[in-house]
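The values are calculated or read from the model by the stated rules, or taken from the named source; none is laboratory data. Here the structure is a predicted model, which is why all the values come from computation and not from measurement. Positions of Cβ are backbone-derived with ideal geometry, glycine not excepted, and every protein chain shown enters the neighbour counts.
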Amino acid sequence: MAPQAGAQGGGSSMISFLFFGGMILVMWLFMIRPQTKKAKLQKQFIDNLKEGDKIVTIAGIHGKVKKINDNNTVLMEVSPGTSFVIERSAISMEYTSAQQKAADTK
C-alpha cells in the first residue's frame with residue numbers, strides 16, 4: 001500500500017516549476033522593468049538637451065551646454081571662458097533635475 005514513486009514526484013516538480021516562474025516574474029517586475037524605464041527616461045533627457053541648458057555631470061560639475069557635437073559629446077561651459085568636452089552619458093538626469101527645481105523655487 002505504498003504510494004507510487006512517479007505520482008509523488010510529479011506534483012512536487014510542478015510546484016517547484018511554478019515557484020521558480022514566480023521568482024522570475026517578481027525579479028522582472030521589481031528589478032528589470034524599473035531599470036529599463038529609467039534608462040529610457042535618461043536617453044530621452046540626453047536627446048532633448050539643447051544649447052543654454054544648465055546641467056550637472058555625474059561627477060558633480062555644474063555648467064551650461066555651449067555646443068552639442070555630432071560624436072555624442074557636449075561642450076560644457078563651467079565659467080566664462082572655461083569649457084570642457086564631456087560625453088553625453090556623463091550628464092546626470094537626477095542631479096540636473098534637482099538643480100533646476102531648486103533654481104525654480106528661488
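Can you name the residue in segment 24-79 that is part of a helix (DSSP H, G or I) and of a type in the set (Val, Ile, Thr) and, of all such residues, is surrounded by the most Cβ atoms within 10 Å (Cβ to Cβ)?
As a first pass, look at segment 24-79 and keep what is part of a helix (DSSP H, G or I): 24-47.
Then drop every residue that is not of a type in the set (Val, Ile, Thr), which leaves 24, 26, 32, 36, 46.
Values: Ile24: 10, Val26: 10, Ile32: 11, Thr36: 11, Ile46: 18.
Among those residues, the one meeting the criterion is Ile46.
For segment 80-101, what are the residues that are surrounded by 15 or more Cβ atoms within 10 Å (Cβ to Cβ) and under 20 Å from the mean Cα position of the chain (by Cα)? Can you show your working first?
Here is the first cut: in segment 80-101, the residues surrounded by 15 or more Cβ atoms within 10 Å (Cβ to Cβ) are 83-84, 86, 88, 90-93, 95-96, 99.
Residues satisfying the conditions are Ile86, Arg88, Ala90, Ile91, Ser92, Met93, Tyr95, Thr96, Gln99.
Looking only at segment 80-106, count how many residues are over 16 Å from Ile46 (Cα atoms) and in a strand (DSSP E or B).
3
Would you say Ser13 is exposed (fewer than 12 other Cβ atoms within 10 Å of the Cβ) and at pLDDT below 90?
Numbers: exposed (fewer than 12 other Cβ atoms within 10 Å of the Cβ): yes; at pLDDT below 90: yes.
Against the criterion (exposed (fewer than 12 other Cβ atoms within 10 Å of the Cβ) and at pLDDT below 90), Ser13 qualifies.
Could we say that Lys66 is farther than 15 Å from Ser89 by Cβ, free of Cβ contacts under 8 Å to residues at least 60 places away in the same chain and under 20 Å from the mean Cα position of the chain (by Cα) here? Walk me through it before giving the result.
Numbers: farther than 15 Å from Ser89 by Cβ: yes; free of Cβ contacts under 8 Å to residues at least 60 places away in the same chain: yes; under 20 Å from the mean Cα position of the chain (by Cα): no.
So Lys66 does not fit the description; no.
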